[in-house]
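A.B. asks: Attaching a single structure in structure tokens format; questions to follow.
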Amino acid sequence: MRIVDTHVHIWNTEEYRLPWLDGEGPTLNRVWTAADYLAEQHGADEYTIDKAVYVEVDMAADERPRENELAVALVDDPSTPFAGACVSGDLSDPHFADYIRPLADKPQIKGVRQVLHVPSAAPGTCLGETFIDNVRLLGELGLVFEGCVRNPELVDLAALARQCPDTTVIVDHMGIVDADIAGLEHPQGDDAAYLDAWKRNLADLGSLSNTVCKVSGLNPAQPWSTQTLGRAVSVAFDSFASDKLMFASNFPVLNVALTLDEWVRAMLDITNDMAPQAREAFFSGNAERVYSL
């Protein structure tokens, strides 16, 4: 299977400042390189990841210009798999247009992400007037917006997408669902209510013409299996049409729970019964279209 991985991070903690890593353990709080990413792929007979999208890593705000330069250089470097990049940006900034227009002229840049699941981002941030105007601007510039929001705020992301119909809004990590709850076969009580809300909100997002969902972000704290992962993945596949789903790894963050190779093999197993055309679209075709790779 040929794969386009739509969500890959790399970072150099010795050269760039990533404040959020200060609270992380040694699995993440270290240097992660493109070579590390390539080294974790062990499926030469079963799969090949021949393209990837670099996604910004929430560096300190004043590091953004340097990260943007890094992103362009990674795409231009033939030794990496990167075929496009999604950079960071503050869409609440009234001067965002001055920041993004020069970047939009660079063919390596495919979109913008602003991490909204952190304490510094208040609930409802993406529904501010300036934020909405700037998401609309992304569509005008031919760029996508990556929505990385807290699970309970998926309803806000749907409201944003409805107000920006000409911008492709990508739902990161299936809405950052709790993998251990999503993997339950018979959820009860609060767990059942949590899953019902997630399913309802994800289905609402999937009903919109301008949304796409990345299948990724499952980092179970409890022992996992293809079956438990599959229960969560099936919700995304039920919520979004086959041309609106994209494979993603979330490397290296996924390493807190499983390896890149384990995730790829699990997804190959979970999708084994899909129609061949839909399966190929999920693993590569949709990504190439959405990101214009």
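A.B. asks: By how many nm would the segment from D196 to S92 lengthen if fully extended, with 0.36 nm per residue of separation less the alpha-carbon distance?
C.D. replies: 34.3 nm
A.B. asks: Work out how much length R162 to N12 would gain on full extension: take 0.36 nm times their residue separation and subtract the Cα-Cα distance, in nm to one decimal.
C.D. replies: 50.3 nm
A.B. asks: Here's something else I'd like to know. How much of the calculated P(r) for the stretch 2-290 lies past 34 Å, in percent of all Cα pairs?
C.D. replies: More than 34 Å apart: 14 percent of the Cα pairs in the stretch 2-290.
A.B. asks: Turning to a different aspect of this structure: Summing -39500 (n - 2.57) over the DSSP H runs of n ≥ 4 in the chain and dividing by its residue number, what mean residue ellipticity at 222 nm do you reach, to the nearest 500 deg cm²/dmol?
C.D. replies: -11000 deg cm²/dmol
A.B. asks: In addition: By average Cβ neighbour count within 10 Å, what is the ranking of 51-63, 219-231, 170-182 from highest down?
C.D. replies: Going by the mean number of other Cβ atoms within 10 Å, highest first, we get 170-182, 51-63, 219-231.
A.B. asks: Something else now. Mind checking the log10 I(q)/I(0) for the stretch 1-145 at q = 0.14, 0.15, 0.16 Å⁻¹? Debye, one equal scatterer per Cα, no solvent, two decimals.
C.D. replies: Once normalised to I(0) and log-transformed, intensities are -0.73, -0.83, -0.93.
A.B. asks: Considering only DSSP beta bridges where both residues belong to the chain, give the percentage that are antiparallel (nearest 5).
C.D. replies: The antiparallel proportion sits near 5 percent.
Throughout, read-outs are computed from the coordinates displayed, never taken from laboratory work. Small disclaimer: the values here were computed from a predicted structure and weren't measured. When we count neighbours, we look across all protein chains shown, and the Cβ atoms used for this are built from the backbone with ideal geometry, even at glycine.
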